[in-house]
Every structure is written in structure tokens, then in C-alpha cells.
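Chemist: Right, I'll just put the structure down here and ask away after.
The values are calculated or read from the model by the stated rules, or taken from the named source; none is laboratory data. Computed from a prediction, not measured in an experiment: that's the story for all the values here. Quick reminder, even Gly has a Cβ in these numbers, built from the backbone with ideal geometry, and neighbours come from all protein chains shown.
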Amino acid sequence: MPARAKKTTEETAEENKLPLNEVFKELDDLIVKMEDEDSLEKTFDMYKKGIELLKTANDSIDRIEKQVKVLDDDGILS
């Protein structure tokens, strides 16, 4: 059985298609959980998930920024 190629963050973001506000809500919730967690291992796992969420948010912001740059003077996508 061939090994599956690791998905890029962009591919994962495209699959998940979480709205940006949902990503930020998940990040907020994750931070609260991390503050209350005593286990270093669990905290580190949550940290890794937070990094992935930040990458997803950054990709979404980059995509939106590119769309805004395409707007012409009349505010219409060209």
C-alpha cells in the first residue's frame, strides 16, 4: 500500500473551509483550555493545534488580501 503524501496547510485549509471568525473562536477556546491544563504533553498538543489554526487563518487572510488587491477603482473585481 503506497504511503500517502502529507497534506500541505493550504490543502487542509481548503478542505476544512472554516470561516475566519470560526478559526479565531477555536483559537480563543484553545487558549482558555491551555491556561487550565496541567499536563505539559496535552498543552504541547494544544499548542501544535493552535499553530495549525494560525496557519489556516493566515492562508485565509492572504487569500482575502489577494482578492482585495484585484478590486479596481469602482470596487469591482476585475
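Chemist: Of everything in region 33-47, what is part of a helix (DSSP H, G or I) and either in contact with a Ser or Thr (Cβ under 6 Å, 6 or more places away or on another chain) or surrounded by 10 or more Cβ atoms within 10 Å (Cβ to Cβ) (or both)? Give them in sequence order.
Modeler: Once the filter is applied, which keeps residues that are part of a helix (DSSP H, G or I) and either in contact with a Ser or Thr (Cβ under 6 Å, 6 or more places away or on another chain) or surrounded by 10 or more Cβ atoms within 10 Å (Cβ to Cβ) (or both), region 33-47 yields LYS33, MET34, LYS42, THR43, PHE44, ASP45, MET46, TYR47.
Chemist: Name the pairs whose Cβ atoms lie under 9 Å apart, with the first residue in region 56-78 and outside any helix (DSSP H, G or I) and modelled with pLDDT under 75, the second surrounded by 11 or more Cβ atoms within 10 Å (Cβ to Cβ) and not aromatic (Phe, Trp, Tyr), and 6 or more positions between them or separate chains?
Modeler: Hits for this filter: LEU77/LEU71; SER78/LEU71.
Chemist: Got a number for residues in region 18-32 being assigned to a helix (DSSP H, G or I), in contact with a helix residue (DSSP H, G or I) (Cβ under 9 Å, 6 or more places away or on another chain) and of a type outside the set (D, E, K, R)?
Modeler: 6
Chemist: Can you name the residue in region 1-19 that is aliphatic (A, V, I, L, M) and surrounded by 14 or more Cβ atoms within 10 Å (Cβ to Cβ) and, of all such residues, is modelled with the lowest pLDDT?
Modeler: ALA13
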